[in-house]
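Read through the structure below, which is laid out as C-alpha cells, and then see the notes.
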Amino acid sequence: MSHADTTPTSAGPSGSGARRRLPRGGVLGGMLLVGGALAVADQLTKNWAEANLHELVPQPFLGEFLQLTLLYNSGAAWGMGSGITPVVTCLQVAIVIGVIVFAVRAVRSPWYTLALGLVLGGALGNIHDRLLRPPGPFHGEVVDFLELPHWPVFNVADMAVVGGALLIVLLGVIGHAADPAEVDAEAEAEARAQGESPTDSVASPDDPESPKGTR
C-alpha cells in the first residue's frame, strides 16, 4: 500500500472540508431555491390572511399564545420607521445585494447557503410588499398577521430573516467556516509552521518507523 493510499478522506479538516464544500453555482442555486420557496410561501400566506382575517381583529390560533391579527405595516418592527418607508425599502434591497455578494465571494458551506437562503427569501418577501402593494412603489405596506405576546406582529418573511440570522450566529459560535477550504488552508499553514506536511502525522504501514510497519 502506498503512502498516498493512507491519507484520510473522511476524517480530519482536509477530508471533511473538501467533502462539504459547494461550488459557486451550487451556493447560488441553493440560495435561490430556498429563498424563492420562502418568498412564494410568504406571499401565499399573506394573501390568505387578507382574504380571511379582519384588520386589527385578533383570532386565536394556539390559544392566546399565537393569534392571527391582520396588520398593515409601513415601517419596521414595532412600527418604527413608518415615516421613512422608502428608506426601509432601500435597506432591504441593500440586504439582498449584500447577501448575494457575500455568498459569491466567501460562501461554500451548505449550512451558510441555507442560512443566507432564509435571509434572502425573507427579504424578498417583504420587498415584494414594499414595491407592489398600496399605496405605491417603495411606499407599500407589509402584510403582518402572526402575533405573539409582547412581540410585534410579524409574517413568514420575518421568521425566515430571523431564523437565517440566528443560524449564521450559531455557525459562527461553533466555529463553522463559511468556506471549508479556509479550515484546510489554516491546518496546512499550521503544519508547515511546525515543520511537517499535513499528512506527515499519518503513519504508513510501509514506513519502517511505523509501529505497525514490518520489514
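The values are calculated or read from the model by the stated rules, or taken from the named source; none is laboratory data. Owing to the predicted nature of the structure, the values given are computational and were not obtained by experimental measurement. Neighbour counts are summed over all protein chains in view; Cβ atoms, including those assigned to glycine, are modelled from backbone coordinates with ideal geometry. These area figures cover heavy atoms from the full protein model, side chains too; ligands, DNA and RNA do not enter into them. Shrake-Rupley method; radii C 1.70, N 1.55, O 1.52, S 1.80 Å.
Structure data summary
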read-out	value
Pick from the stretch 78-135, criterion part of a helix (DSSP H, G or I) and basic (Lys, Arg), ranking: nearest to Val40 (Cα to Cα)	Arg130
Residue among Gly17, Gly35 that is closer than 30 Å to Gly175 by Cβ, modelled with pLDDT of 95 or more and of a type in the set (Gly, Ala, Ser)	Gly35
Which numbered condition Lys46 misses (of (1) open to solvent by less than 30 Å² (accessible area, probe 1.4 Å); (2) at pLDDT below 95)	(2)
Subset of the stretch 174-187 that is modelled with pLDDT of 75 or more and open to solvent by less than 70 Å² (accessible area, probe 1.4 Å) - its residue that is farthest from Pro23 (Cα to Cα)	Gly175
Subset tally (residues that are aliphatic (A, V, I, L, M) and either more than 25 Å from Thr85 (Cβ to Cβ) or in a strand (DSSP E or B) (or both)) for the stretch 45-61	0
Tally of residues being modelled with pLDDT of 75 or more and not in a helix (DSSP H, G or I) across the stretch 188-215	1
Residue count, the stretch 62-77 (criterion: touching a residue at least 40 places away in the same chain (Cβ under 8 Å) and in a strand (DSSP E or B))	8
Output for the stretch 131-161, where each listed residue is without any contact (Cβ under 8 Å) to a residue 24 or more places away in the chain and out of contact with any Leu (no Cβ under 6 Å at 6 or more places or on another chain)	Leu132, Arg133, Pro134, Pro135, Gly136, His150, Trp151
Count of residues meeting criterion [within 13 Å of Val119 (Cβ to Cβ) and outside any helix (DSSP H, G or I)] in the stretch 157-180	0
